[in-house]
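The values are calculated or read from the model by the stated rules, or taken from the named source; none is laboratory data. From a predicted model like this one, the values you see are computed outputs, not experimental measurements. With ideal geometry, Cβ positions are generated from the backbone for all residues, glycine too; neighbour counts draw on all protein chains shown.
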Amino acid sequence: MSAKDPSKLLIVDDLPENLRALDAVIRDEHRIVYQASSGEEALSLMLEHEFALAILDVQMPGMDGFELAEMMRATSRTRNIPIVFVSAAGRELNYAFKGYETGAVDFMYKPLDPDAVRSKVNVFVTLDQQRREMRHQMEALERSRREQEVLLRELNATQGELQRSLRMRDEFMSLVAHELRTPLNTLFLETQMRSLQLKRGNMPAFNAEQMGSMIKRDERQIKSMIRLIDDMLDVSRMKSGTLSIRPGKVELMALLERVVNDLALAAAAAGCNLLLEPHPPVEGWWDEFRIEQVVVNLLTNALRYGGGGAVEVSVHQEGCHAVIDVRDHGKGIAPDFIERIFEPYERGAKSGEPKGLGLGLYISRQLATSHGGKLTASSAPGQGATFSLTLPCTEPALQAVAPA
């Protein structure tokens, strides 16, 4: 109810002519007058409306005015309604004293003086308007306070996120510098060694076998830098929504066999046994390059964090979806960290463990989403981890990777 709404007045009398007469005296465009011919009817109206004033006739059959006032004072909703009694009885009956005892604010005798009645009603209507205006202001202040609390929480959250972003940016730049410096230092040292051999005229150092080894070492370092740059470019494209997906018919078992063979040397170097469970062909409509990218990321992580244990790869169908599972037997992932590892620049590595930019799982999940699928992880500390890539087998409405 607005403070500008008309005030509501209640008049109670068992005689219709008295109700009409009093209504004519107090009614105007800024107030609404409700009439009741009995105490029961009056109570019913009070439960429905908020009244600025109740004018009660003392002498009514059944429930008289005093009994009605006592019932009003006993109910929380009606307890604070101002009561003015009117009576045709003589002053010698001392009704006024009893009326004040029951909580009335005034007592008037019939015949009523219209000017006096209007004056008294105006006072209570003004008080009602002021009370409602004050309540309206208090409610507005409370809303404002709650809104300020919400804004403060949002500001604190934004500030925390900003600080986290700045910290992640600094860590990211440090990591990029570190990850690039390692292959560049290796290449630089190789170049210095070759220059030194050339200055000494040691041409046997550049025989076919030695040159082959040098080229392979150079390729490894260059591929490492290219992979790093590609990851950063993919993240940039994902954030701008420009990463393209080129779908075509793909058979997953052939793809997995090729990737497992390519990573055989890396698995041997990590002391891991890389196992692909046999399965009939599983076909679907995907971007083969991007799906291979996801699988390579998952297997590389499993080899890195698997603790030298077996890494198991499998594919199966669940209804109209294909599911690729990559399981390791490493230290596992804490439950409160599982979702964080899919955020950009988050790394599961701790001190003394392998490190990276923390982009692989973020990119992989975005690529899974862009195919209408999902990438999830399940784990428990000390029990290894399983990463599951779920993809729809039918041709989906492939979506561009939305900015994260």
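Would you tally the residues in the range 112-149 being assigned to a helix (DSSP H, G or I), aliphatic (A, V, I, L, M) and in contact (Cβ under 8 Å) with a residue 12 or more places away in the chain?
4
Whether any residue in the range 260-274 is farther than 17 Å from Ala377 by Cα and in contact with a His (Cβ under 8 Å, 6 or more places away or on another chain) is what I want to check. Working first, answer last.
So the first thing to find is which residues in the range 260-274 are farther than 17 Å from Ala377 by Cα, and the list is 260-274.
From what is left, the residues that are in contact with a His (Cβ under 8 Å, 6 or more places away or on another chain) are none.
Scanning the range 260-274, I find no residue that is farther than 17 Å from Ala377 by Cα and in contact with a His (Cβ under 8 Å, 6 or more places away or on another chain), so the answer is no.
Of everything in the range 253-310, what is among the small types (Gly, Ala, Ser) and within 38 Å of the chain's Cα centre (by Cα)? Give them in sequence order.
Gly284, Ala302, Gly306, Gly307
Based on what the data block shows, is Ala385 in contact with a Pro (Cβ under 7 Å, 6 or more places away or on another chain), modelled with pLDDT of 85 or more and on the phi < 0 side of the Ramachandran plot? If you could, list the steps in order and put the result at the bottom.
Values: in contact with a Pro (Cβ under 7 Å, 6 or more places away or on another chain): no; modelled with pLDDT of 85 or more: yes; on the phi < 0 side of the Ramachandran plot: yes.
No: the conditions fail for Ala385.
Of the residues Thr158, Thr102, which single one is at pLDDT 90 or above and either closer than 21 Å to Ala42 by Cβ or within 60 Å of the chain's Cα centre (by Cα) (or both)?
Result of the check over Thr158, Thr102: Thr158.
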